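*Asks:* One structure follows; several queries about it will come next.
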């Protein structure tokens with residue numbers, strides 16, 4: 001039997017929680033199926049906990065950029081609902097504050113779900129709703145798990161559906177990754193190729209095409225071609 005890497009084992013344990021039961025303090029959360037015990041020090045609720053139990057498949061966690069994007073989307077939805085008068089300011093401001101904490105990565109440990117779930121991302125959407133709800137309740141000095149005064153469905157998911165939020169989250173996450181990681185990396189690559197095109201400007205070599213020797217050119221010219229391709233790629237992105 002093939003051995004499982006230690007890193008993968010640790011990721012599975014992190015995703016599914018402690019192997020031993022009864023040692024972790026819990027609180028009672030409820031959903032339409034009834035009550036469920038949830039770790040007392042975590043903001044997620046019953047639907048997230050059920051997903052952890054029902055989808056013990058793999059170890060690949062939902063990507064952190066997607067989690068942060070959920071915070072952005074939930075903040076925007078709460079602000080829009082307040083502006084329309086559908087959500088009162090007291091609840092709305094608490095939701096916005098909690099959603100900002102999600103977007104800034106302060107609540108990453110409260111998103112335990114793996115990517116293996118229903119296709120519409122319902123479980124991750126509810127994970128975000130439950131975390132933001134309980135954090136907002138805490139901000140308003142309420143009792144976690146009570147769904148009062150902030151309900152994960154009625155308030156955090158107001159005017160939304162998983163079929164809307166999850167595709168939007170993917171778009172937001174992709175744009176942020178492009179802006180924060182891809183474009184800076186491509187810019188660095190372009191600069192390096194430009195520098196090499198100048199450094200190797202006098203280094204002559206044989207060109208190659210169709211697996212045969214071709215017209216001589218400089219190594220700098222080859223680097224310049226690659227730099228031009230990267231520059232065009234940056235413009236297209």
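The values are calculated or read from the model by the stated rules, or taken from the named source; none is laboratory data. Remember, predicted model here, so these are calculated numbers, not experimental data. Cβ sites come from the backbone with ideal geometry, for glycine too, and all protein chains shown count toward neighbours.
*Asks:* Determine whether residue 137 is surrounded by fewer than 15 Cβ atoms within 10 Å (Cβ to Cβ), modelled with pLDDT of 95 or more, closer than 30 Å to residue 117 by Cα and within 32 Å of the chain's Cα centre (by Cα).
*Replies:* no
*Asks:* Taking residue 182, is it touching a helix residue (DSSP H, G or I) at 6+ places or on another chain (Cβ under 6 Å) and either surrounded by 14 or more Cβ atoms within 10 Å (Cβ to Cβ) or in contact (Cβ under 8 Å) with a residue 60 or more places away in the chain (or both)?
*Replies:* Taking the combined requirement at face value, the residue does not satisfy it.
*Asks:* All but one of (1) surrounded by fewer than 17 Cβ atoms within 10 Å (Cβ to Cβ); (2) touching a residue at least 12 places away in the same chain (Cβ under 8 Å); (3) in a helix (DSSP H, G or I) hold for residue 164; which doesn't?
*Replies:* Just one mismatch for residue 164, condition (2).
*Asks:* Residue under question is residue 185, and the condition is that it be over 26 Å from residue 97 (Cα atoms) and part of a helix (DSSP H, G or I); does it hold?
*Replies:* So residue 185 fits the description; yes.
*Asks:* Follow-up question, since we're still on this one. Given 201, 142, 119, which one is touching a strand residue (DSSP E or B) at 6+ places or on another chain (Cβ under 8 Å) and in a loop (DSSP other than H, G, I, E, B)?
*Replies:* 201
*Asks:* Kindly indicate whether any position in region 100-109 is more than 26 Å from residue 55 (Cβ to Cβ) and surrounded by 15 or more Cβ atoms within 10 Å (Cβ to Cβ).
*Replies:* Yes - at least one qualifying residue is present in region 100-109.
*Asks:* Separate question: Of everything in region 17-39, what is in contact with a helix residue (DSSP H, G or I) (Cβ under 8 Å, 6 or more places away or on another chain), surrounded by 13 or more Cβ atoms within 10 Å (Cβ to Cβ) and either under 17 Å from residue 135 (Cα atoms) or modelled with pLDDT of 95 or more (or both)? Give them in sequence order.
*Replies:* Correct list: 29, 30, 36, 37, 38.
*Asks:* Further question on the same structure: Checking the condition in contact with a helix residue (DSSP H, G or I) (Cβ under 7 Å, 6 or more places away or on another chain), assigned by TED's automatic domain parsing to the domain that holds residue 131, farther than 22 Å from residue 164 by Cα and part of a helix (DSSP H, G or I), which residue from 52, 42, 93 passes? Before you say what the answer is, go through the steps one by one.
*Replies:* Numbers: 42 fails: part of a helix (DSSP H, G or I); 93 fails: in contact with a helix residue (DSSP H, G or I) (Cβ under 7 Å, 6 or more places away or on another chain).
Answer to the check: 52.
*Asks:* Among the numbered conditions (1) over 25 Å from residue 175 (Cα atoms); (2) touching a helix residue (DSSP H, G or I) at 6+ places or on another chain (Cβ under 6 Å), tell me where residue 189 comes up short.
*Replies:* Status for residue 189: all satisfied but (1).
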